[in-house]
Structure formats: structure tokens, C-alpha cells
Amino acid sequence: ETLFFRYIIDAEKNGNLSRFINHSDDPNCEFTSVSHNKHLNITVRSIKKIKANEQLTCDYGEKYWKKRTKI
């Protein structure tokens, strides 16, 4: 298990604009982790071309859905 998967980031009440990235089974972005000067940074990078005004989406992963229901 990598260091990235030891953390859960919940931006329900606080956070920056990345908290509005929604789940998709066919995402156009992915979360990655980068360590710099002993600090873990979570980044978002595109995995597909994203058009202007297109919603950013990531796959939240199986663990996220164990306590939730997809609509």
C-alpha cells in the first residue's frame, strides 16, 4: 500500500476548487501524490483532453463506494 492510500481527504465543508471535482466511471482526471521537502502534495492531472467548460471528473475508487450508493 502506497503512502497516498493511507490518507482520506474530505473537502465536504472546506477546501479549494478541487473539491468540486466529481466522480465518474469514465473520468478525465486522476489524483496523484507528490512528495516534496517531506511534504505530501495531492495533485490532479488530466488523463484525457478536456474541453473548455467541461466538468472535471475523477474515479473516487472502490473504497469510497463501500459506504455510499451510486445514483
Checklist outcome for this item: When the range 35-71 is checked residue by residue, the ones that are open to solvent by less than 70 Å² (accessible area, probe 1.4 Å) and β-branched (Val, Ile, Thr) are Ile42, Thr43, Val44, Ile50, Thr57
Checklist outcome for this item: Note on the range 24-68: residues closer than 17 Å to Ala11 by Cα and not in a strand (DSSP E or B) are Leu56, Asp59, Tyr60, Gly61, Lys63, Tyr64, Trp65, Lys67, Arg68
Checklist entry - Which pairs do you get when a residue that is small (Gly, Ala, Ser), found in the range 9-31, comes within reach of a residue that is open to solvent by less than 70 Å² (accessible area, probe 1.4 Å), reach meaning Cβ atoms under 6 angstrom, with the pair 6+ apart or on two chains? => result Ser18/Val44; Ser24/Thr57
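The values are calculated or read from the model by the stated rules, or taken from the named source; none is laboratory data. Quantities reported herein were computed from a predicted structural model and do not represent experimental measurements. Using ideal geometry, Cβ is built from the backbone for each residue, glycine included, and neighbour counts are taken over all protein chains shown. The accessibility values were calculated without ligands, DNA or RNA, using every heavy atom of the protein model including side chains. Shrake-Rupley method; radii C 1.70, N 1.55, O 1.52, S 1.80 Å.
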